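Quick notes on the structure that follows.
Just so it is clear, none of the values below were taken in a lab; they were calculated from the coordinates. Values in this document were obtained by computation on a predicted structure and should not be read as measured data. Virtual Cβ from ideal backbone geometry, glycine too; neighbours counted across all protein chains shown.
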Amino acid sequence: MSFPGTPQEHTGQEWIERYQGALMNTFGTPQRVLVRGEGPYVWDADGNRYLDLLGGIAVNALGHAHPAILDAVTTQLSTLGHVSNFFTSTPQIELAEKLLQLIGAWRTGGGAGPWAAEGRVFFTSSGTEANEAAFKASRRTGRTAIVAAEGSFHGRTMGALALTSKEAYRTPFEPLPGDVRWVPYGDVDALAAAVDDSVAAVILEPIQGEAGVVDPPDDYLLAARRITSEHGALLWIDEVQTGIGRTGEWFAHQAAGVTPDLVTVAKGLGGGIPIGACIALGDAATLLQPGNHGTTFGGNPVATAAALAVISTIEGDGLLKNARTVGQQIRSALDDHPLVAGTSGRGLLIGVGLTRPVSADVQKAALDAGLIVNNPTPDRLRLAPPLILTADQAEGAVKTLCTLLDEADGGGSTS
Ligand SMILES: Cc1ncc(COP(=O)(O)O)c(C=O)c1O
């Protein structure tokens, strides 16, 4: 069987038909067939260009085809592409050290030797797997109960799904791992009431991404830290969407001044190369012992080299600051629109609440106008553009978005 021709020799619609004939229908019909990307832009099979304000859902931190990732991946692949976990590789070790440094757990000379840290890393290939590792680590405390928040999303494997609140995702697959207690997100009293000495861990997103970029109250993570410490439970922060600079900090929980026990990351870490990590701090670092957990691809040399390139580019190009300033610019410009009830999130993880449930119409109109945005709920838009987005690119995007919001609002104009 052969299908000759470059993407340009088939229309987008023809590719969609082939997709439907060959792929499981888990995601519905794809919106477009994308064939190329450069910086914050992508092109579809019909030759249309889009400004990517979603970045593969908070993944393409450096945009598309960034030379630093290209160089790291091709150099590593041509040197050493994969090793089993009977062995290690230098980028794997360097990335673990770097993550521990960024999270504030690197103490040269403070651990067992000159190279030890007050934490340890387990690498995976995705966010859901990072959460599986943390879930298994939490079981090693000898306790089973987990407290999770309504509105949460932690992934689709059976363990991570057990901690994901959306009924439609969970119900078809029950029974899921049990002993999960649900609390309203952001409610300190409810959290205090749910946590007792039988709780292994409390899992929270510092900002709920899939729920539509929902911020907790300012003191929420601090209170969660206090409550979990009082009961000897682990505080497990899921930074899969918020981590690695997305919010203008390396990790969103750092803004709250808390030190968690478990932190999970993925998405932006590899800038498009699949990699995740479960970072365990303090005593939690030794919960998983030889034989307790494993993976073939986690910590692969190519993926870890890509992640090192992502991190050094964020550092070298001042992208944390860029995320803060460009994010603020976008929020301020959208906040005044009459169809906007309010904006949320931090840095370049942006939620836009609408006064009416028209987010699907706005998302579709945006795509037709050359902007990729996301509509996680009927009355919320989500933006998670590459951290390299410039002020000029953001200004143009916001202008287009405001025009589309005008149209969705019945054609009225903004000030
Ligand atoms: C907060 C959070 N946790 C976990 C996941 C699952 O990550 P993955 O899709 O890489 O398995 C996601 C994905 O959207 C997420 O946003």
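A Cβ-based charge dipole, computed about the Cα centre of the stretch 64-176 with Lys and Arg at +1 and Asp and Glu at -1, lands at about 340 debye. For the cross-link pairs Lys267/Lys364; Lys98/Lys399; Lys136/Lys321; Lys136/Lys166; Lys166/Lys267; Lys166/Lys321, the ones whose C-alpha atoms lie over 27 Å apart are Lys98/Lys399; Lys136/Lys321; Lys166/Lys321. Rounded to the nearest 20 debye, the dipole magnitude of the chain is 720 debye, with +1 charges on Lys and Arg beta carbons, -1 on Asp and Glu beta carbons, and the Cα centre as origin.
With the simple model of a label 7 Å out from the Cα in the direction of the Cβ, Glu14 to Ser312 spans 4.3 nm. Using equal-weight Cα scatterers in the Debye expression, the normalised intensity of the stretch 138-240 in log10 at q = 0.10, 0.13 Å⁻¹ is -0.24, -0.41. Put a plus charge on the Cβ of each Lys and Arg, a minus charge on the Cβ of each Asp and Glu, and nothing anywhere else: the dipole of the stretch 219-285 about its Cα centre is then about 180 debye.
At q = 0.20, 0.21, 0.22 Å⁻¹, what base-10 log of I(q)/I(0) does the Debye formula yield for the stretch 270-388 when every alpha carbon is treated as an equal point scatterer in vacuo? With one equal scatterer per Cα and no solvent, log10 I(q)/I(0) is -1.08, -1.12, -1.17.
Expressed to the nearest 5 percent, the antiparallel share of DSSP beta bridges inside the chain is 65 percent.
Quotient of the Cα radius of gyration of the stretch 299-349 and 2.2 N^0.38 Å, N being its number of residues: 1.61.
Is it possible to state the helix-based mean residue ellipticity at 222 nm for the chain, with each DSSP H run of 4+ residues giving -39500 (n - 2.57), the sum divided by total residues, to the nearest 500 deg cm²/dmol? What is it?
Rounded to the nearest 500, it is -10500 deg cm²/dmol.
Only Cα sites of the chain enter the Debye sum here, all with the same form factor; the resulting log10 I(q)/I(0) across q = 0.10, 0.12, 0.13 1/Å is -0.70, -1.02, -1.19, listed in q order.
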